[in-house]
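The values are calculated or read from the model by the stated rules, or taken from the named source; none is laboratory data. The structure displayed is predicted, hence computed values, not measured ones. Positions of Cβ are generated from backbone atoms using ideal geometry, with glycine treated the same way; all protein chains shown enter the neighbour counts. These area figures cover heavy atoms from the full protein model, side chains too; ligands, DNA and RNA do not enter into them. Shrake-Rupley method; radii C 1.70, N 1.55, O 1.52, S 1.80 Å.
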Amino acid sequence: MRLWQAVAAIAAMLVFLPVAAHAGPTLLFDPASGKVLYSEDLDDEWHPASLTKIMTAYLAFEAIKEGKLKLDQKITCSELAFQQSPSKVGLPVGAEMTVETALQALVIKSANDVAMMLAEAISGNDTAFVSLMNNTAKRLGMSRTTFVNPNGLPAPLQVTTARDLARLARATLSEYPQYTYLWGMQEMRYGKIRMGSHNGLLKTFEGADGMKTGFICDSGFNVVASATREGQRLMAVVLGEATGGERTIRAAALLEHGFQNLGWKALFNNSQTIDTMPLTSDARPITSIRQSVISWECGTRRRPKTVNLSKGKPKTVSMRVAKAKAEAAAKTAKEKATTAKPQPASVSVSPAPAPAPAAAAQ
């Protein structure tokens, strides 16, 4: 069985798991018509993380269309761009790259420094660019979205919804189809540096062709995902998964469900669209799921497994450490057996402290 077939099989079983199985809003839709095929909490506010960069790219495409930027034009890394937290390319102050390369780094690497470089190239400074972002959001009907920076790094007031992200994604693909290839690139090279995409669907889901992932501790793992089969494109928005793997599986589940049931939806033709579906009356305000995220960056991680290494009380240790300790204890006991009465091996291992939380927008 191919990898994408295995993922599809799992996805088919997971699409209708209870809401508690995942943390945040989800939305499955047809970008051509805007029809909603499945949704949960599509108007709940959420931190977009690096899904913010879809708007940054949209405005870069617009600037190119208007002649303000050119693909072969070089833009410069400023002090402010240099100071941005990872994920980033890590250019020194004064370094340059072309707009085309910057767009690739923005989408594939999710580079926060490059997002700032593009913002400054388009509007002169980040403040003016953020104003442009919010004005454009209003024009696109993103009524519950507020942008604070061009890259999605943590900001309490930077919020959006699954519905608003769907509107942005639709506009980006329909108005600038010539850049569709960017969203589906799995990797790029900048000099000797190879940078790969965070979008696991591109390698595991049949027909996957974009679009963008995002992650900060407060939002969890987000994705706007696109896939096309037999000329039919579907898109899914998944917000707030606990891990990158769960984000991929949830998005795959939605897309697979859509492709398997699209014929029935078309037959009855009763789906509402992103624009006609009424605003959810009990939509929730912004919330943080930091404590639910499984990530070293957030100071959380998977709970170590409990392994019984002796007849005494079980010790909580990692499997790798447990195995090494057990082997060492067995060897020591065997060596002592020839000269002294064997003593029971006893191991006491404490879990390593979690590292301090670090900001990230991927």
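What the table below lists for this structure:
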quantity	calculated
Efficiency of FRET between S85 and E230 - r from beta-carbon atoms, R0 51 angstrom, step 0.05	0.75
Additional length obtainable on full extension of the chain from Q291 to A95, 0.36 nm per residue less Cα span	66.7 nm
Percent carbon-and-sulfur accessible area, the range 130-170, ignoring ligands, DNA and RNA, probe 1.4 Å	58 percent
Distance violations [Cα-Cα > 31 Å] among K138/K203; K70/K109; K109/K138; K68/K212	K138/K203
Projected label distance in nm at A32 and L71, using a 7 Å step from Cα toward the beta-carbon	2.6 nm
Per residue accessible area of the range 14-120, 1.4 Å probe, in Å²	33 Å²
1.4 Å probe accessible area per residue over the range 131-270, in Å²	39 Å²
Spin-label pair N125/M185, simplified geometry with 7 Å Cα→Cβ offset, distance in nm	3.1 nm
Added length on full extension, which subtracts the Cα-Cα distance from 0.36 nm per residue, Q178 to N135	13.1 nm
Surface share of carbon and sulfur [accessible, 1.4 angstrom probe, percent] for the range 176-299	52 percent
Where a label projected 7 Å from the Cα of Q260 along Cα→Cβ would reach, residues of the range 25-39 with amide N under 19 Å	26-30, 37-39
